[in-house]
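Q: Have a look at this one.
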Amino acid sequence: MTRSDLVEELASRFAQLTRRDAEFAVKAILDAMNDALVRGHRIEIRGFGSFSINRRPPRIGRNPRSGESVAIPEKRVPHFKPGKALREAVDERTAAMEANAKR
């Protein structure tokens, strides 16, 4: 699902929302999440999952073409951990889809 798919889904589910309002809502939520992660905060959405920042330490890598060593600096990367309810829902629905496909 892309961002525009999410906007379309919101607009279709809630008749009082125009596509433009749905687009604004999605943008506002994603911007707020982005800002929170940049500030180093953890985001937890009950029943869905949590977003946090993981630190990757500096290391020495290799250039695959020349084989020479390259220093790779420390990085901070976003990390998503699905919640129990999401994991169970995905597991149940994929199992049901596979069972229907075998028929």
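The values are calculated or read from the model by the stated rules, or taken from the named source; none is laboratory data. Treat the numbers as computed from the prediction; the structure is a model and nothing was measured. Don't worry about glycine lacking a Cβ; one is built from the backbone with ideal geometry, like all the others, and counts go over all protein chains shown. We work out accessible area using only protein heavy atoms, side chains counted, and drop any ligands, DNA or RNA first. Shrake-Rupley method; radii C 1.70, N 1.55, O 1.52, S 1.80 Å.
Q: I'm told Arg93 meets every condition in (1) touching a strand residue (DSSP E or B) at 6+ places or on another chain (Cβ under 7 Å); (2) outside any strand (DSSP E or B); (3) open to solvent by 70 Å² or more (accessible area, probe 1.4 Å) except one. Can you identify the failing condition by its number?
A: (1)
Q: Conditions first: (1) in a loop (DSSP other than H, G, I, E, B); (2) free of Cβ contacts under 8 Å to residues at least 12 places away in the same chain. Arg20 passes all but one, so which condition is the exception?
A: (1)
Residue-by-condition table, conditions (1) in contact with a Lys or Arg (Cβ under 9 Å, 6 or more places away or on another chain); (2) not small (Gly, Ala, Ser):
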residue	(1), (2)
Gln16	no, yes
Glu23	yes, yes
Ile29	no, yes
Val38	no, yes
Ile45	no, yes
Ser52	yes, no
Ile72	yes, yes
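Q: Check Ala36 against each of (1) free of Cβ contacts under 8 Å to residues at least 24 places away in the same chain; (2) of a type outside the set (D, E, K, R); (3) not in a helix (DSSP H, G or I) and name the one condition it does not meet.
A: With respect to (1) free of Cβ contacts under 8 Å to residues at least 24 places away in the same chain; (2) of a type outside the set (D, E, K, R); (3) not in a helix (DSSP H, G or I), Ala36 is out only on (3).
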